[in-house]
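Here's the structure we're looking at; comments come further down.
The values are calculated or read from the model by the stated rules, or taken from the named source; none is laboratory data. For clarity, every value in this text was computed on a predicted model and none was experimentally measured. Cβ atoms come from the backbone with ideal geometry, glycine included; neighbour counts cover every protein chain shown.
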Amino acid sequence: MGIEDIRDSIKDVSATKWAEFKESSIYISLKEKYDDQPPSTQKFLKFLSLFSVVLLTGYLIWGNFSDASTSVEQFEAKKALIRELQKVKRDASSSPRITPPPPITSLKSRIDAIVESFQLNADQISDVNVVTSDSSSLVPSSVKQSGIHISLNTLNLTQAVDIGYRLQNVNGSVKLVDAEIVAQKKDPHYFDVKYKLIAFYPPVVKSEDDDSKKKSPRRRNRRKGKGN
């Protein structure tokens, strides 16, 4: 059915309904009352009827326009939200995974090796201890924490900075949270330094790749079993 057929169908239906309405008692009663009115009143009623039709048409058009504008705004907001979610998903998938630090005993051995690489005297290495109670309250409870305190004596400024730099970069999940530097009273050119490290052990989250790797041997075994 074409547009012209639809238009002709609407005209026919409208003409039929209008003819039926003209034969109704309501229309006849209103027509009689209208004919009894003086010409000035008839003009006023025509103007009032035309104004009401225009006002109703304008209200319907404005209502549809307002609804359309609201729908467009909601669509744009949802589209922007979807784009942001897709961007976050891409960023999350492309970001490298944080490698957990080694066990605290291995980490202490690595720190001992870093300190020894600076060829300090025995009296300069005061203490390198693991402190399991050392933790930060800003970290979620699901993340395990272990601290290591390094106390070194009689360091020059270059040694203090270089050792701190090496300790800070020992592992991505190990953070240098404090470095207390105190100049010696006998010789202010040398310093007693205390470094505080905290190793963060996040909870292990199984990825989809790990699950697929675990399932793949089973599938292979089933295929072998069918082949046998």
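Of everything listed in (1) free of Cβ contacts under 8 Å to residues at least 12 places away in the same chain; (2) surrounded by 10 or more Cβ atoms within 10 Å (Cβ to Cβ), the single unmet condition for residue 32 is (2).
Looking for something in a helix (DSSP H, G or I), among the hydroxyl-bearing types (Ser, Thr, Tyr) and more than 30 Å from residue 159 (Cα to Cα) - is there at least one such residue anywhere in the stretch 87-109? Checked the stretch 87-109: at least one residue is in a helix (DSSP H, G or I), among the hydroxyl-bearing types (Ser, Thr, Tyr) and more than 30 Å from residue 159 (Cα to Cα).
Would you check if residue 226 is assigned to a strand (DSSP E or B), at pLDDT below 90 and of a type outside the set (Gly, Ala, Ser)? No, not satisfied.
With the condition kept exactly as written, say whether any residue in the stretch 159-172 is part of a loop (DSSP other than H, G, I, E, B) and surrounded by 15 or more Cβ atoms within 10 Å (Cβ to Cβ). Write out each step before concluding.
Pass one, the stretch 159-172, residues part of a loop (DSSP other than H, G, I, E, B): 169-172.
When the remaining residues are screened for being surrounded by 15 or more Cβ atoms within 10 Å (Cβ to Cβ), the result is 170-171.
Yes, the stretch 159-172 has at least one match.
From the list 126, 146, 151, 135, exactly one residue is in a strand (DSSP E or B), touching a Ser or Thr at 6+ places or on another chain (Cβ under 9 Å) and modelled with pLDDT under 90. Which is it? That would be 146, the only listed residue that is in a strand (DSSP E or B), touching a Ser or Thr at 6+ places or on another chain (Cβ under 9 Å) and modelled with pLDDT under 90.
Of all residues in the stretch 155-183, those satisfying the criterion of being among the small types (Gly, Ala, Ser) and touching a strand residue (DSSP E or B) at 6+ places or on another chain (Cβ under 7 Å) are 160, 164, 173, 179, 183.
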